[in-house]
Amino acid sequence: MKNPKWILAIIVISQFCCTSLWFAGNGVLDDLITNFDLSLQALGHLTSAVQFGFISGTLFYALFTIADRHSPSRVFFFSAMIAAIFNLSLLWEGNTFWSLLIFRYLTGFFLAGIYPVGMKIAADYFEKGLGKSLSFLVGALVLGTALPHLLKSSTLIGNWVWVVSTTSSLACFGGLLILLFVPNGPFRKQGNPLKLSAIFSIFKNKDLKSAAIGYFGHMWELYAFWAFVPVLLKTYQDLHGGVLNISLWSFIIISGGSIACIIGGLLSQRFGNKKPAMWALLLSCLCCLLSPFFFFIPYETIFLSLLIFWGMVVIADSPLFSTMVANSAESVLKGSALTLVNCIGFAITIFSIQLLNVAHLHFSPVAIYTILAIGPVLGLLELQKNRTKRW
């Protein structure tokens, strides 16, 4: 199976299946709270545990050049299998809050062998047009992230035990697809060991600094918004009455971003990466700032439409920023710069998620999402300084 289109399709399907593990805990959070006597703040803590695990795993895989010393497809496969096992551990009847945190952390740790390694596999096949390929891969991540909410809303799989079991099974299937049908790519190159000193180059290289800060601003908003989509919906439902299918609408709002990623990738071929990224960042920033008014819209359809739009623009710039960072880094430090920028970006998500968690306790749930605008504002200001660069 040497046709690049088929290879890309398999990588995308595998990424979709395996990244369904990312928000599996979020999709069944109400059931975890009920079965293991958790507090309402468990949402932020369990989500942050996955993020912290992913950061740790990414650094581990990069420091020991795991995907260079071994076949990336094998690394992807074994990471998917191990992550699936730790995801399945959510079903253990003896779980406590701390054991759930550990299992979510370990799931995130081995997701580092799925998402970044999947991008490396794509790069091994697509030396040209990587930006477009990344838009499909990020789109797959978005769909995978949203999938647990869809499974929870299903009348066939809606039981939380089946949701967890299904996401673990999908991850195993995705890992097998890569192992069986995606051998080492023709452009595979030996990567350089991770150089922690590369973090200084991020802030010395003007273009890399601008791209990185834009990415950091985007990440401040992204995962916090994704994590709290069900809370946004429940808040609106409590204010206006009625009955929303929160799991189904969470899936629709988050998964809509997959289409936006592909549109962003296509726009980047005509306008470059910077302009579409800035527009997406600006629009998502406006959604943050205007979010308090969303809750007072009496028409449910308009409210849901606005959240779908927010779900699209909040992620549309993600593959664009990744491409901008890659294009700005020196070739000898490209891998290290990308790894460190990603790790810093995911570390930032922990702070924004926890900030929303605390704000939800002490302030009106209608107003708290305005704090997500901080990241996009800082990102836009930095990108605006570098006006001539299109990436």
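The values are calculated or read from the model by the stated rules, or taken from the named source; none is laboratory data. It should be emphasised that the depicted structure is a prediction, and the values quoted were computed from it without experimental measurement. No Cβ is skipped: glycine too gets one built from the backbone with ideal geometry, and neighbour counts run over all protein chains shown.
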Provide a single number: the residues in region 295-337 that are within 14 Å of Leu233 (Cα to Cα), free of Cβ contacts under 8 Å to residues at least 40 places away in the same chain and either in contact with a Leu (Cβ under 6 Å, 6 or more places away or on another chain) or charged (D, E, K, R) (or both). 0
First in region 258-273 and within 17 Å of Asn327 (Cα to Cα) and in the same structural domain as Phe309 (by TED's automatic domain parsing), second anywhere and of a type in the set (Lys, Arg) and surrounded by 16 or more Cβ atoms within 10 Å (Cβ to Cβ), Cβ under 7 Å, 6 or more apart: Gly265/Lys132; Gln269/Lys132
Pick from region 229-260 the residues that are of a type outside the set (Val, Ile, Thr) and not in a helix (DSSP H, G or I): which of them is surrounded by the most Cβ atoms within 10 Å (Cβ to Cβ)? Leu244
Just to be sure I understand the filter: pairs with C-beta atoms under 6 Å, separated by 6 or more residues or on different chains, first member in region 82-100 and modelled with pLDDT of 95 or more and among the β-branched types (Val, Ile, Thr), second member assigned to a helix (DSSP H, G or I) and crowded, with 18+ Cβ neighbours inside 10 Å. Which pairs pass? Ile82/Phe110
What number goes with the only condition from (1) at pLDDT 95 or above; (2) surrounded by fewer than 17 Cβ atoms within 10 Å (Cβ to Cβ); (3) out of contact with any helix residue (DSSP H, G or I) (no Cβ under 6 Å at 6 or more places or on another chain); (4) not small (Gly, Ala, Ser) that Thr65 does not pass? (1)
Mind counting the residues in region 267-313 that are charged (D, E, K, R) and under 22 Å from the mean Cα position of the chain (by Cα)? 2
Residues that are among the hydrophobic types (A, V, I, L, M, F, W, C): find the helices (runs of 4 or more DSSP H) completely inside region 3-72 holding 3 or more of those. 4-18, 29-36, 42-63
Within region 288-306, is even one residue closer than 15 Å to Ala211 by Cα, in the same structural domain as Phe216 (by TED's automatic domain parsing) and surrounded by fewer than 20 Cβ atoms within 10 Å (Cβ to Cβ)? no
For region 359-391, which residues satisfy the criterion of being among the β-branched types (Val, Ile, Thr) and modelled with pLDDT of 95 or more? Val366, Ile368, Thr370, Ile371, Ile374, Val377
Give the residues of region 103-118 that are in contact (Cβ under 8 Å) with a residue 40 or more places away in the chain and of a type in the set (A, V, I, L, M, F, W, C), sorted by residue number. Leu106, Phe109, Phe110, Leu111, Ala112, Ile114, Val117
Going residue by residue through region 76-86, is there one that turns out to be within 21 Å of Leu194 (Cβ to Cβ) and surrounded by 20 or more Cβ atoms within 10 Å (Cβ to Cβ)? yes
Qualifying residue in region 191-205 (condition: assigned to a helix (DSSP H, G or I), under 23 Å from Thr349 (Cα atoms) and among the charged types (D, E, K, R)): no
For region 91-107, which positions are within 21 Å of the chain's Cα centre (by Cα) and not basic (Lys, Arg)? Leu100, Leu101, Ile102, Phe103, Tyr105, Leu106, Thr107
Scanning region 1-58 for residues that are in contact with a helix residue (DSSP H, G or I) (Cβ under 7 Å, 6 or more places away or on another chain) and among the charged types (D, E, K, R) gives Asp31
Out of contact with any His (no Cβ under 6 Å at 6 or more places or on another chain), surrounded by fewer than 16 Cβ atoms within 10 Å (Cβ to Cβ), outside the structural domain of Val332 (by TED's automatic domain parsing) and not aliphatic (A, V, I, L, M): is that true of Asn184 in this structure? yes
